[in-house]
1. Of the residues that make up the range 166-178, is at least one farther than 30 Å from I5 by Cα, touching a Pro at 6+ places or on another chain (Cβ under 8 Å) and in a loop (DSSP other than H, G, I, E, B)?
2. Is it the case that some residue within the range 211-218 is in a helix (DSSP H, G or I), away from ligand 3 (no atom under 16 Å from the Cβ), within 29 Å of N64 (Cα to Cα) and not aliphatic (A, V, I, L, M)?
3. Counting only residues that are within 16 Å of ligand 3 (Cβ to nearest atom) and surrounded by 21 or more Cβ atoms within 10 Å (Cβ to Cβ), how many does the range 108-124 have?
4. Can you tell me which of (1) farther than 23 Å from S52 by Cβ; (2) within 12 Å of ligand 1 (Cβ to nearest atom); (3) touching a helix residue (DSSP H, G or I) at 6+ places or on another chain (Cβ under 7 Å) is the one I144 doesn't meet?
5. Taking the criterion of being within 8 Å of ligand 1 (Cβ to nearest atom) and either within 27 Å of E105 (Cα to Cα) or at pLDDT below 95 (or both), would at least one residue in the range 219-231 satisfy it?
6. Identify all residues within the range 217-232 that are surrounded by fewer than 18 Cβ atoms within 10 Å (Cβ to Cβ) and not aromatic (F, W, Y); write none if there are none.
7. Only one of these is without any contact (Cβ under 8 Å) to a residue 12 or more places away in the chain and surrounded by fewer than 18 Cβ atoms within 10 Å (Cβ to Cβ): E105, E138. Name it.
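The values are calculated or read from the model by the stated rules, or taken from the named source; none is laboratory data. No experiment lies behind these values; they were computed from the predicted model shown. Cβ sites come from the backbone with ideal geometry, for glycine too, and all protein chains shown count toward neighbours.
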Amino acid sequence: MKEAIRSFARGLGVDDVGFATADDYRSPRSPALGELLSGARSLVVLAYRELSTCDSENPQIAMNGRMDVMAFSRSCNYRLARFLETECGGRAITVPVSYPLEMSEETNGAVGDLSLRHAAVAAGLGAFGRHNLVIHPELGTRVIFTAVLTDLNLPSDAAVTEDLCVHCDACVAACPGDALAEEGRTDVMRCIRNSQPYGIGGAIRFWTEYGAATPAERKALLRDPRYWKLYQAGFIGFQYFCFRCLATCPVGRG
Ligand code: B12
Ligand code: SF4
Ligand code: SF4
């Protein structure tokens, strides 16, 4: 059954497909898989190449490349889940690239319902690098994941056992937020401040300032570029202004 599923997913145009049993998925901080789907037994993890848009100095172009992957992956995830339900007789649920995400003070809006990096590692699609991202053996770091969780019994693919990181520290040096200084840990708040300046933190700072402002100052604040960017993020969704650790890594780039 695994090969029929792999071939269906590859036919959708995804770059790689891996399988992991629920037992092999070990993510220390994420909820148990059974909370997402009762009787969950396996994960089908899909890998997508990130375009060269991540090299662009133009933040709109760089983010638009990610939005392209997000739109494509949403369709692939849904079609694969339908295949598992209609052709393989299982129950299936989809796990998105990043959003929707639980937004609360407890999680700081920084914990997914399922950790796709740990899922990708369990499914043999790569290994963690110095930047705490998963490096794929061929695609390198320029890879984004989604997953479909199912109650079908699908054995895990072989894990990647080599160290794919060449320990050049280019990612550490390129991080404008100094979020990778400590090995094995991303300083999440430093990363978010730099990579999502118009996320929830930026919105809270702006509206706090607005609340304390005089009517004349409020008028000026509504013409401030910060407000215009928050306004756009408000309906387009989360916007990344940094792709440096992903784009700088030389692995898989010839
Ligand atoms: C919330 C989130 C963020 C938050 C918080 C990050 C965080 N703490 O994990 C912020 C905004 C900071 C963020 C930043 C980025 N993110 Co992000 N993010 C997510 C999201 C939605 C959830 C992550 C999560 O649940 N984390 C919480 C728990 C599970 O993680 P944790 O245990 O704290 O994670 C640590 C361990 O993994 C540890 N670690 C490192 N090595 C090892 C090895 C082992 C064996 C173990 C057990 C642990 C471990 O380091 C991690 C980071 O501190 C995922 C999508 C998803 N659903 O998984 C994408 C995701 C992780 N992000 C991704 C990317 C690409 C980015 C950015 C490059 C931004 C961008 N422009 O795209 C940066 C990279 C930051 C970095 N170098 O670490 C990709 C990673 C792809 C890849 N190749 O690995 C993901 C998987 C999205 C996707 N669908 O592909 N992200
Ligand atoms: S996304 Fe940017 S700020 Fe965040 S860890 Fe990567 S390089 Fe640093
Ligand atoms: S940039 Fe260098 S140190 Fe960082 S993950 Fe890639 S190979 Fe490893």
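1. Looking through the range 166-178, at least one residue is farther than 30 Å from I5 by Cα, touching a Pro at 6+ places or on another chain (Cβ under 8 Å) and in a loop (DSSP other than H, G, I, E, B).
2. Of the residues in the range 211-218, the ones in a helix (DSSP H, G or I) are 211-212, 215-218.
Add one more test, that the residue is away from ligand 3 (no atom under 16 Å from the Cβ), and what stays is 211-212, 215-218.
The next check asks that each one be within 29 Å of N64 (Cα to Cα); those that pass are none.
The answer is no, given that none of the residues of the range 211-218 is in a helix (DSSP H, G or I), away from ligand 3 (no atom under 16 Å from the Cβ), within 29 Å of N64 (Cα to Cα) and not aliphatic (A, V, I, L, M).
3. Qualifying residue count, the range 108-124: 2.
4. Failing condition for I144: (1).
5. Taking every residue of the range 219-231 in turn, none turns out to be within 8 Å of ligand 1 (Cβ to nearest atom) and either within 27 Å of E105 (Cα to Cα) or at pLDDT below 95 (or both).
6. E217, R218, K219, A220, L221, L222, R223, D224, P225, R226, K229, Q232
7. Details: E138 fails: without any contact (Cβ under 8 Å) to a residue 12 or more places away in the chain.
After applying the criteria, what remains is E105.
Conditions (1) more than 17 Å from the chain's Cα centre (by Cα); (2) surrounded by fewer than 13 Cβ atoms within 10 Å (Cβ to Cβ); (3) more than 11 Å from ligand 1 (Cβ to nearest atom), marked per residue:
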{"position": "V160", "(1), (2), (3)": "yes, no, yes"}
{"position": "D163", "(1), (2), (3)": "yes, yes, yes"}
{"position": "A173", "(1), (2), (3)": "yes, yes, yes"}
{"position": "D178", "(1), (2), (3)": "yes, yes, yes"}
{"position": "G237", "(1), (2), (3)": "no, no, yes"}
